[in-house]
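Heads up: the structure comes next, in structure tokens.
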Amino acid sequence: MIGPVDDLVDGDASTVLDDPVGASLRGAHAHLARGTGRALAYRPDVATFVAAPTSADWADLATLLGPGGFADLFSAPVQPPADWAPVFTMTGVQMVGGPSAVAATTAGTVRLGPADVPEMLELAALTRPGPFWPRTVEMGDYLGIRDAGRLVAMIGERLHPPGWTEISAVCTHPDHQGRGYAARLVRAAAAAITARGERPFLHVASDNDRAIALYERLGFRVRREVTFRGFRVPG
């Protein structure tokens, strides 16, 4: 079980994390965005995330996504219209990294890029670290660990609100777990983010006690609880 949520981590400096998707799409990831009216979303081959809509934005969002389109939301403050079909609901926590999360080296890791996408998609499909699409790699830097040439673990950067970078896609092939690969990659990714003058943060499912414990050992703290929800556009 996780401990009490610390809603006061970093005060005003972290309020941009309340809508990390919208902050990313309006800033560092504007080149990966699509929009209609006030609705914003990632291009579908990059990610299925949409900016948290207000009560007046659902019609624009329906137009943007199209009939049957999928909206992946981070703790949206309002409910969609009644005819939007719920797809999933999952509770999680948002964690922010502190200074102890960044003492690291990239030794033993390799930089991943477009040429590695087929292997990355295969590993993500096997381990299910979260949504991963053909152009997700364009959201930030990715690192991996190879064994005899085979990609067996990876980590990447996803959302990028001002001053922050999200660590994501943390996964290890089942045959290679227990070797400390995840901890090595998290440290390396957090160190790279901090070297740019930014702060690392991440999201994890509330019931993933093992991952939460690992991140806490690496210096991350819970900032707030979040609810991940998916809805499908009518038609």
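The values are calculated or read from the model by the stated rules, or taken from the named source; none is laboratory data. Treat the numbers as computed from the prediction; the structure is a model and nothing was measured. Virtual Cβ from ideal backbone geometry, glycine too; neighbours counted across all protein chains shown.
Things to note:
- Residue check for residue 46: among the aliphatic types (A, V, I, L, M), closer than 29 Å to residue 202 by Cβ and surrounded by fewer than 19 Cβ atoms within 10 Å (Cβ to Cβ): no
- Test: residue 146 is within 18 Å of residue 220 (Cβ to Cβ) and either surrounded by 16 or more Cβ atoms within 10 Å (Cβ to Cβ) or outside the structural domain of residue 21 (by TED's automatic domain parsing) (or both): no
- If the condition is being of a type in the set (A, V, I, L, M) and closer than 16 Å to residue 17 by Cβ, then the stretch 151-193 contributes 159, 167, 190, 193.
- The set of residues from the stretch 141-163 being within 12 Å of the chain's Cα centre (by Cα) and either at pLDDT below 95 or over 19 Å from residue 118 (Cβ atoms) (or both) comprises 157, 158, 159, 160, 161.
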